[in-house]
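These notes are about the structure you will find just below.
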Amino acid sequence: MKYTMPSWRSLLVMIALLVAGCVVSGAVQAHEGEDHTHPVIAVQPAEMYAPTAMPDRIVLTWNGDPRTSQAVNWRTSVEVTQGIAEIVEAEAGPYFPEKAVQVMATAEALKTNLNTAHFHSATFKNLKPGTVYAYRVGDGTNWTEWFQFRTASAKNEAFSFVYFGDAQNNLRSMWSRVIREAYRDAPKAAFLLHAGDLINTAESDAEWGEWFGAGAWLNAMIPSVPIPGNHEQARGEDGGRRLSHHWRPSFTLPTNGPDGLEESCYTLVYSNTLVIGMNSNTRQAEQAEWLERVLSENNSRWVVCTFHHPIYSTGKDRDNAELRALWKPIFDKYKVDLVLTGHDHTYGRTGLEVPATLSEQAERQAEAGSVAELRAVSTRVGDVNVAAGVQKVDEQTGTVYVVSVSGPKMYNHQRQDFMKRVAEDTQLYQIIHIDGDMLRFEARTAIGELYDAFELHKRDGKINKLVEIEPEVPEHLRPLEPVAAE
């Protein structure tokens with residue numbers, strides 16, 4: 001056989017392959033021997049959530065008419081003493097910034113467990129209804145990108161909003177997917193409603209940083225309508241409970257509630273819908289009087305009420321009998337359409353007919369120790385199973401009560417037959433669409449499955465008509481605990 005010398009190109013290829021093999025071999029040996037020359041360093045919360053001169057935690061809210069105003073809040077380091085917002089009608093072309101006008105922001109310093117930062121707020125006023133605006137925030141040197149929002153229409157047009165139960169835990173790793181999946185389903189949502197427990201520890205700046213980070217730029221494009229849960233409550237100097245110091249600097253919300261509950265109990269009107277946000281953590285009787293007055297003066301076609309603690313609890317061995325006694329008669333009297341809550345880390349949704357009281361049912365369930373035994377001692381009244389001793393079932397008042405959870409913290413379900421649809425161990429978001437005399441409700445899982453749905457139809461002189469819609473998936477429930485042998 002005749003031997004042929006390799007060409008110079010072939011020699012170069014061979015050398016390159018040998019060098020690459022040595023590098024890979026060395027890398028593998030280093031990995032196998034765990035000889036790390038660059039050890040992994042955990043990023044600490046104080047570093048991750050440190051404020052800078054560049055604005056962060058940007059969020060849209062309202063403290064005025066959604067047709068003609070919009071509020072925005074953001075955070076910077078304390079070196080930024082003056083915040084500025086710029087706003088202009090958005091255009092298809094890139095030259096609109098030349099027409100922007102400036103709005104000076106107010107700033108307040110907030111000392112947290114990690115740092116001290118300046119929280120800025122600005123309100124855009126005298127806006128045109130039904131108009132797309134572009135805005136940015138900064139200090140005159142450091143600016144954010146241009147964000148956009150649309151004011152509410154002057155006419156009562158169809159709109160949608162998204163409702164979240166408790167986010168609360170593992171916000172960065174586990175809740176972020178839920179709010180982002182909700183946006184995929186409702187990218188034109190008018191607002192994002194949060195029924196309390198946005199975070200787990202009231203004064204943890206890292207957790208607030210996670211909540212804002214999970215929503216990221218969505219918060220700067222779609223207004224938020226939050227109300228406080230029990231985890232937004234902190235221990236006060238007098239030993240009592242108070243609202244987190246983060247709450248009011250982080251948001252700009254209406255101050256039309258009872259004195260002392262500004263921005264935690266309020267109303268706003270969007271299109272043909274009155275939204276009532278309440279603080280179920282405190283002063284419940286006082287808010288009942290306020291609620292009666294608000295509803296007696298209401299002219300909106302639809303009424304949606306939100307607060308944290310459920311009227312009808314879904315958490316096992318949980319009940320809010322005092323709250324129900326105070327607030328539910330008012331919901332009944334004025335035929336509130338929809339009540340949206342959280343707190344119980346499960347899902348439950350009623351129809352239009354519910355028991356008048358659950359206090360004895362809760363006691364009976366605690367004694368029985370199992371759902372099966374509870375049902376064994378139940379008495380059938382109408383179409384609803386209620387515990388022995390509860391003899392009254394309400395007439396259909398037209399109100400649907402919902403409890404939901406969007407974060408990963410899960411509880412056992414207190415299964416009750418008057419709940420039309422329930423879930424355990426399921427992260428959910430809800431899309432509510434209102435169009436004239438029709439309200440459509442969809443509860444979807446974190447991966448977008450239609451888990452529960454219904455429609456409410458307005459009927460003059462009558463209660464709403466409820467139409468059930470077939471879900472895409474079966475109920476997600478843990479196996480029932482076996483009944484202990486006597």
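Overview of values
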| quantity | calculated |
| --- | --- |
| Every residue from region 319-370 that is in contact with a Pro (Cβ under 8 Å, 6 or more places away or on another chain), assigned by TED's automatic domain parsing to the domain that holds residue 274 and modelled with pLDDT under 95 | 320 |
| Exclusive hit being at pLDDT 95 or above and either closer than 30 Å to residue 407 by Cα or in a strand (DSSP E or B) (or both), set 53, 92, 109, 154 | 109 |
| Top-ranked residue in region 399-417 [being at pLDDT below 90 and surrounded by fewer than 22 Cβ atoms within 10 Å (Cβ to Cβ); ranked as farthest from residue 353 (Cα to Cα)] | 415 |
| Test: residue in region 51-67 that is under 26 Å from residue 171 (Cβ atoms), in contact with a His (Cβ under 8 Å, 6 or more places away or on another chain) and among the hydroxyl-bearing types (Ser, Thr, Tyr) | no |
| The listed residue being crowded, with 20+ Cβ neighbours inside 10 Å and hydrophobic (A, V, I, L, M, F, W, C), out of 216, 234, 202 | 202 |
| Filter pass, residue 476 being in a loop (DSSP other than H, G, I, E, B) and either in the same structural domain as residue 324 (by TED's automatic domain parsing) or modelled with pLDDT of 95 or more (or both) | yes |
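The values are calculated or read from the model by the stated rules, or taken from the named source; none is laboratory data. Model, not experiment: these values are computed from the prediction. Cβ sites come from the backbone with ideal geometry, for glycine too, and all protein chains shown count toward neighbours.
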